[in-house]
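Just so it is clear, none of the values below were taken in a lab; they were calculated from the coordinates. Treat the numbers as computed from the prediction; the structure is a model and nothing was measured. Neighbour counts are summed over all protein chains in view; Cβ atoms, including those assigned to glycine, are modelled from backbone coordinates with ideal geometry.
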Amino acid sequence: MLSHPLLVEAIVDLFEPVAVFNSEKGRDAELLKRFGEPAWNNPVVRFVDAAGRDWIARRDGVWTPAGIAARMVEALRAARRSVPQYLELLAAEGRVRKLGKATFAMH
């Protein structure tokens, strides 16, 4: 999910990524406790400022490129930062209703 080329570009250019492993002791365990995250939980992407305050509310279960892009857009807007158009377009992909099947008839 986070390997999508446009997400990688946004992560590198617009955010300061930090990985916290939920099964490790030491600093990782301290950060889990600070943010109220359970150990051994599913991956969660959070958007926080330098002081550790959430830009937007925590939400789990967001595991698609379009879903993560939508959260990035929401976080950037909450932080009053500009949003690149490519990120807006990627987020919009998740709002497009996908057809399971389409049938067309013609003469």
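Sum -39500 (n - 2.57) across every DSSP H segment of at least 4 residues in the chain, then divide by the residue count to get the 222 nm mean residue ellipticity, nearest 500.
-11500 deg cm²/dmol, from helical runs alone.
Considering the Cα trace of the range 27-107, what is its radius of gyration and what is Dmax, both in angstroms?
Rg and Dmax of the range 27-107, Cα atoms, are 17.6, 68 Å.
Taking the Cα centre of the range 5-93 as origin, work out the dipole magnitude from +1 charges on Lys and Arg Cβ and -1 charges on Asp and Glu Cβ, in debye rounded to 20.
340 debye
Please identify the chymotrypsin sites (Phe, Trp or Tyr not before Pro) of the range 16-107 that satisfy two criteria: DSSP loop assignment and at most 10 other Cβ atoms within 10 Å. Which are they?
In loop regions of the range 16-107 (DSSP not H, G, I, E or B), the sparsely surrounded chymotrypsin sites (Phe, Trp or Tyr not before Pro) are W40, F104.
For every other residue with a beta carbon closer than 15 angstrom to the beta carbon of G36, add +1 if it is Lys or Arg and -1 if Asp or Glu, then tell me the sum.
Net charge in that neighbourhood comes out at +1.
If you line up the long axis of helix 5-14 against the longest principal axis of the chain, both from Cα atoms, how many degrees apart are they, to the nearest 10?
Its long axis makes an angle of about 40 degrees.
In whole Å, what is the distance between the alpha-carbon centres of the range 52-106 and the range 21-46?
25 Å
Angle check, please: helix 65-78 long axis (alpha carbons) against the longest principal axis of the chain (alpha carbons), in degrees 0 to 90, nearest 10.
With both axes taken from Cα atoms, the answer is about 60 degrees.
What nm value, rounded to one decimal, do you get for the distance between D54 and K25 when each label is placed 7 Å out toward the C-beta?
My value for the distance between the label points is 3.0 nm.
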